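J.: One structure, as structure tokens, below. Some questions next.
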Amino acid sequence: MSINPLASKIASPYARALYDFSVEQNIMHQVTADFQNLYPFLVNVPTFLDYLSNPIVSRKKKRTSFNKDIKISTKFRNF
């Protein structure tokens, strides 16, 4: 995870929106579990994050790979 202050500033509104969404939908436990599944995957497979960040790879291919390799809830995935 980045400790870049600019990245933190950019990520903060998205984190707040996800928090608010999970509270409104009453899915805080599911979102927490999804993060607990997602974090180790991104830490242990750093090339996957590089793949997702690669502008040459189409969004469709990224989405297909992400959905196949990472098991998270539909609401979290669609957020």
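J.: Can you find even one residue in the stretch 66-74 that is among the polar types (S, T, N, Q), exposed (fewer than 13 other Cβ atoms within 10 Å of the Cβ) and either assigned to a helix (DSSP H, G or I) or in contact (Cβ under 8 Å) with a residue 40 or more places away in the chain (or both)?
T.: Just the residues of the stretch 66-74 that are among the polar types (S, T, N, Q), to begin with: 67, 73-74.
In the following step, the residues that additionally are exposed (fewer than 13 other Cβ atoms within 10 Å of the Cβ) were identified as 67, 74.
Filter once more, keeping what is either assigned to a helix (DSSP H, G or I) or in contact (Cβ under 8 Å) with a residue 40 or more places away in the chain (or both): 67, 74.
Taking every residue of the stretch 66-74 in turn, at least one turns out to be among the polar types (S, T, N, Q), exposed (fewer than 13 other Cβ atoms within 10 Å of the Cβ) and either assigned to a helix (DSSP H, G or I) or in contact (Cβ under 8 Å) with a residue 40 or more places away in the chain (or both).
J.: If you check every pair at least six apart or on different chains, which have Cβ atoms under 6 Å apart with a residue in the stretch 5-16 that is within 20 Å of Val31 (Cα to Cα) first and a residue that is part of a helix (DSSP H, G or I) second?
T.: Final answer for the pair search is none.
J.: Okay, next question. Which residue out of Ala15, Ala33 is modelled with pLDDT of 90 or more, over 14 Å from Phe79 (Cα atoms) and of a type in the set (Gly, Ala, Ser)? Can you show your working first?
T.: Working: Ala15 fails: over 14 Å from Phe79 (Cα atoms).
After applying the criteria, what remains is Ala33.
J.: Next question, about the same structure. Anything in the stretch 27-57 that is within 12 Å of the chain's Cα centre (by Cα) and of a type in the set (Asp, Glu)? List them, or say none.
T.: Asp34
J.: Which residues, taken from the stretch 36-60, are in a helix (DSSP H, G or I), free of Cβ contacts under 8 Å to residues at least 24 places away in the same chain and surrounded by 12 or more Cβ atoms within 10 Å (Cβ to Cβ)?
T.: Start the filter on the stretch 36-60 by keeping residues that are in a helix (DSSP H, G or I), which leaves 36-44, 46-53, 59-60.
With free of Cβ contacts under 8 Å to residues at least 24 places away in the same chain added as a condition, the list becomes 36, 39-40, 42-44, 46-53, 59-60.
Listed by number, the residues that qualify are Leu42, Phe48, Leu49, Tyr51, Leu52.
The values are calculated or read from the model by the stated rules, or taken from the named source; none is laboratory data. Treat the numbers as computed from the prediction; the structure is a model and nothing was measured. Glycine also receives a Cβ, built like all others from the backbone with ideal geometry; neighbour counts cover every protein chain displayed.
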